[in-house]
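What follows draws every value from the coordinates through simple rules; no lab data is involved. Note that this is a predicted model, so its numbers are computed, not measured. Note that each Cβ is placed from the backbone with ideal geometry, even for glycine, and that neighbours are counted across all protein chains shown.
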Amino acid sequence: MTDEPQPHDDQDVQGGDHACSGCGPTDAAGDTAKTDGGTAVDDAGGGAATDGGTAVDSGDGFEPIQVFPEAEDADLRPGSDDCYKCSTCDTTCPVAEVDEDFPGPKFQGPEQWRLKRSDDQDIDDSISKCSNCMRCDSACPSDVPLSQMHNTARAQYVDEQMDKTSLKYWRNRLLANYGTMARLGSTFPRLTNAVMGNSLVQQVNEKLLGITAEREFPEFATETFRSWYAKRGGEATSVENARRARQRRDEDVDADKRVAYFHGDYANHNTPEVAKALVHVFESFGYAVLVPEQRCSGTPMFANGMLEDARRAAKVNVGSFSELVEDGVDVVCSCTSCSMALRQEYPELFSIPGTAKVAANTYDAVEYLRINEDLDGELAAAETTTDDLGVDSFAYHAPCHARNQGLDGQTVELLSQLDDVDAEDVGDSCSGISGTYGWKTEHYETSMKIGDEMFEHMEDADATTGMTECPTCAMQMEHGTGYEIEHPLQVLEAALVDGATTEDEAA
Amino acid sequence: MAIRDDVLVVGGGLAGMTAALAAAREGASVRVVTDSESTLQQASGLVDVLGYPNPHDARDGDRDGDGGDAGDGSSAPPVANPFDAIDSLPEDHPYQLVGVDALRGGLAIFDDATGDLYRGGHTERNALVPTVGGTVKPTARYPASVAPGLASDDRTTLLVGFDGDTDVDAPNVAAHLRAVGVPFDVGGVTVEFPGDPDGTDQQTRLAHALDTDEDGVRRRLAERVKRSLKRADDVFGDASDTDEGAATGSAVAGFGDVERVGLPAVLGRDRPRQVRDALAEHLDAAVFELPPAPPSLPGVRLRYRLRDALRDAGVAVTTGNPVVDHDVEPGAGDGGDAGKNAAPRITTIYADRNGTRTPYEPEAVVLATGGLVGGGIDSERDAVYEPVFDCPVSHPEDRYDWSDADAFGSHAFARFGVRIDADGRVLDADGDPLYANLTAAGGVVGGYDAAAEKSASGVSLATGYVAGRTASADASSSHPTPTDVTADR
C-alpha cells in the first residue's frame, strides 16, 4: 500500500510553535494511525489507550501486554474498535437519508473494515455512493475516524475492484483531475466555454461518460488568478502593497506579515475574483500574499478513490508550502475543502515529510484574520453602504467541510457586524453536490434530493444573493435556486478595501 | 487578537446549551464551543429530573441476606414528585447544592425553548413513560410525540415494530409492559415498512419518507398496521403471560378496539406533528412514538429546537474543535481572603484543529463537557481527572474501590466529577473556588448517580441555569458598562 519512505518524525507531530502542548485525550493527532505507514506505535505519545498504554505508568508494576503485532501499513484497528455501534453517524448521513440502497457510514467504515480483514471479502460497491461530506466524523461520539476509513476503503475499491478500462473509471479520473482539464480550458477560455456550454457536447458527455447534462459547466475565466498576480508584479507588488497598508495602519512598517495562499484550481481558473478579493483584503491588513507553486488540494481525488493521484498532488503542495511554513509563514485557503484536505486528510492519509507542520499552520482565510486581526471591530467600524456591496441580504449555506472545521457559524457572525447587511443561515443540511459527486449521472438525482432542503430554505429566506465558501456548493445553490452566489471574501473586500481594484488596474 | 465574548461555554449538550441560554438571558454575549456534534442525538429525548432519589437503599438494606432484590418489589418505587424528594438527597448532591429554585429556573428555560415540542410542564409530578425496552420511566418532560403513550393512561394500546428493525421488538415490549402491570391492554405486532421489505433502511430515510409522504407511505403504513391484527388473542397476550392469570387478550376483538398505536420513533424529522396527525386519521386512533435507544430522532429534534433557541438568543456556536489548553493569570491575593477574587483567572482558551490553535478570550467560562461517558471526566489506571482545566476530581486511592462488585450496585465511579458550590463555581481540594471565573454544569459535576437516580437531564438544567447566570454576572462585573468594553481592549 505504501510506496513512500516512512519519515513520520515525531517532532513533526508534537513540535512547532502551534503544535498542541495540551495533548489531552482529545488530541486527535495522537490517536489515529496514518494509513500510509505511520504506525500506531509511533504515535503513542499522544496517550491513546488503544495503542497499548505506553503512556501509563502506574507505580504498581502494571505492564501492558502488546496483544497485536505492530501494523505494517494501514492500521485502523483502534478506530474500528472505538465504534460501539450507536449508529449516530447514520442519522447524520445526508446520502442515507434519501438513498434507500446506501447502508450508511457505520457500515462503510468500521463494519467494512472488519469484514475485509478476511482476504476473500471485496469492498462493497456502495462505497461509491458515499459523497465524502465527512459529516459522520463530527457526529461520532467516540472519535472513530470514519472519513479516513471511507477514503482508504474507496481507494482499495478503485485499486482492486474497478475495471481500469471502464468508462466509469476514466470519467472519475477525469473529474478527479479537474485541474488538468482546467489548465487546458484556461488556455482557450472562450472557446472552451462555448464548447462545454454546447448542448450537443453535454449530451455526449452524459451518454458517453456519465457526466450529467443537467448542469451547466462552470465557465473558465478569461484570465487566471495566477496570471493576474504575475502581471500585477508578483510577490514584489504584494510586499509593497502590504508595506503601504502597514504604514497607513500605523503598524510596524518592517513587520514580517506574510501569508502563503493555497488557492487551488477552482479559484485560479474559474473564480479569480474570489482569489483577488483575498489578496486585496489581506494586503489591506498589511499582509503580503505569496502564491507558491501548487496543485489541486486532492479533495476530488479522495472522493473518487484516486489516492495515488492525490498523493502526487499532496507531495507538490506539502513540498512548496512546508518551506514557507518553516520560514514562519502561515497558509490560508479560500475554499473550505482545500483547507480540510491540508489540515485533516493529508495527515490522516499520507506521511509526506512536513505534512503535520503544514496542517498545524493552515487556516481558513477569514478565520486567520479573525484570530490575528480585529476583523470584527474593523467590520463594525466600516462605513459600508449597500451600494458598495450591491446586495443587502444573503442566504448563507455553510459547506460540510467548513462545518467539520468548526467554521460554520463564522460568516453569519462576521457579517452581522455590518450595519446594512443581513446574512441568514439556511440551515445545516448538506448541499448535496459534494464536489464531483453531483456531476455523475448516476448520482445526480440523489444529489438534488439531498439539496432539496437547502433549496427550500434558500427560497424561504429573505435574501437577494446566496453565499458560501465552497465552489461546488455554490454551483449547487445556483443550479437549484437560480440565486447568484458570492464568497464571503468578496463582501469583506467590498466592505474593507478602498478602491483596490482600480489601484491594480492602474498598476 | 482572539475571539472575544463575555461567556464561553465548553460543551454543547443539554447542560451547555442551558448555561448558554441562561447567560444570554442576563444580557451576556455567549459562545458555545464543542468538540463534536451534540450528544443529544444519542439521547432518548426524555427529560428526567429525579425518578429514584435513593436507588441503592433497598439494595444496601438487603445486604444481610436473601439476595432477592431484583424484581421482588424490594426496590423502591419511583418518586411521584421529584421536587419534594430533593430534601432527602445527600448534602453534596448537585440538587442540594444549587437548590430547587435552580431546577425550576432550568426547567423554565427548557420549556421556553422547546414550546409545543414538549409536554409535562403543567405539573411538578413525574410522568410514567413506556420505553422501547419495555420499562416505564419516571420523567418530568417528554416529547409531544410520546405524550399519547403515557402509562397512566388506560387506553388499549397496540405497539408496532418494523420487520428487520432490531431496535424495536414490539411483541416483546408489549409482553414486558404486561409483566410490569401497566393498567391497559397492550399488544405488539411487526409489520413491513412500506418500501423497505428487508428493513435495512436508515431511520432518517424512513423519517424522510414519512415527512414527504413519498408514495403515499403514511396511508400505506396505516393500512398495514390495521391489517396486522388478525389474531388479537395472541397479540394481546394470554393467560400464560402472567402469573396472576389476568388474561387480557379477550377484551380486544380486532383493530376496532385499539385506541392508541405506538410506533418506533421515526415519525418524521421535520414535520413530526403532521406525520402523527395523518397516521392518526388513517388509523382512527391516537398515535405515539416509543422513546428510542440511540440513535434517536426525538434527540435530533430536540437538538434542532435548542439550536434554534440559541440562535434566537444570539448565542454563537462553534462545533468541531476540542478545547485543549488555556492560560491563567494569578489571583489578587494568596492569603487571608479565600474568596473568588483570590483565585486565579482563566484568560484565554485554546481550541485545536490538528495543531492549529484558535484562541478565545472570554470573561467567564462554563465547563459542560459531560461525564465519564461523554469524555468530560477521564481516567487512567491510577487516576481520575478532568482533562480541560485539570479540576480536582476526588476518587478512592485504590482503583478496585471505584466500582462495586454488584453490576447494579452503588458504584463510586458513577459519582465521579468536579465539585461545585451553590453558584456553580468549580472548587479546589480545599473547597475554595479553583478559578475566579470558572463554573461547571451537567455530567462533569460529581456527587450524583445519574443513571440510577434518573436525574441526568434535571441536573444538567439546574446546574446549567446556575452556571450560566454566575458566568454572566462574572462577565458583567469584569466590565462594568458595555461602553467600556472597547476602551479596555
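Can you give the log10 of the normalised intensity I(q)/I(0) at q = 0.21, 0.23, 0.27 Å⁻¹, computed with Debye over equal Cα scatterers of segment A:80-160? Evaluating at q = 0.21, 0.23, 0.27 Å⁻¹ gives log10 I(q)/I(0) of -0.91, -1.08, -1.43. Each residue in A:Phe282, B:Phe83, A:Phe262 was given a count of other beta-carbon atoms within 10 angstrom of its own, and listing them fewest first yields B:Phe83, A:Phe262, A:Phe282. The three principal axes of the C-alpha atoms in the protein assembly as shown carry coordinate ranges of 93, 79, 61 Å, sorted with the longest axis first. For chain B, averaging the sequence separation of C-alpha pairs within contact (under 8 Å, six or more residues apart) and dividing by the residue count gives a relative contact order of 25 percent. Mean residue ellipticity at 222 nm, helices only, chain B: -8000 deg cm²/dmol; runs of at least 4 DSSP H residues each add -39,500 (n - 2.57), and the sum is divided by the number of residues. Average projection, convex hull of the Cα set of segment A:360-462: 8.0 square nanometres.
Once both labels are positioned 7 Å from their Cα atoms along Cα-to-Cβ, the gap between A:Ala381 and B:Asn172 label points is 6.6 nm. Let's test the formula: R0 of 25 Å, r as the Cβ-Cβ distance of B:Ala412 and B:Ser88. What FRET efficiency results, to the nearest 0.05? Computed FRET efficiency for B:Ala412 and B:Ser88 comes out at 0.75.
Find the relative contact order for segment B:95-146 and round it to a whole percent, using C-alpha pairs within less than 8 Å whose residues are 6+ positions apart. Mind dumping the intermediate values first?
On the way: 43 pairs, mean separation 15.7, N = 52.
After rounding, I find 30 percent.
For the peptide B:36-44, the mean number of other protein chain Cβ atoms found within 10 angstrom of a residue's Cβ is 5. Here chain B was treated as a single set of alpha-carbon atoms; its pair distances binned every 20 Å from 0 give 23, 50, 24, 3 percent.
Measuring nothing but how far apart in sequence close Cα pairs (under 8 Å, 6+ apart) lie, relative to its length, segment B:147-290 scores a relative contact order of 30 percent. The GluC sites (Glu not before Pro) of segment A:97-129 that meet both conditions, a loop assignment by DSSP and at most 16 other Cβ atoms within 10 Å of the site Cβ, are A:Glu100. In a DSSP loop and with at most 10 other Cβ atoms within 10 Å, the GluC sites (Glu not before Pro) in segment A:375-414 are A:Glu383. FRET efficiency for the A:Ala236 to B:Glu397 pair, using the beta carbon distance and R₀ = 51 Å, is estimated at 0.15. Placing a label point 7 Å from the Cα of B:Ala251 along the Cα-to-Cβ line, the residues of segment B:137-159 whose backbone N sits under 18 Å from it are B:149-159.
Semi-axes of the equivalent ellipsoid for segment B:127-232, computed as √(5λ) from the eigenvalues of its C-alpha gyration tensor and ordered from largest down, come to 25, 16, 13 Å.
Overall shape: prolate for segment B:348-489, with the ratio a/c of the largest to smallest alpha carbon gyration tensor axis at 1.5 or above and a/b above b/c.
Rounded to 0.05, the FRET efficiency of the B:Asn54 and B:Thr347 pair, given R0 = 30 Å and the Cβ-Cβ distance, is 0.10.
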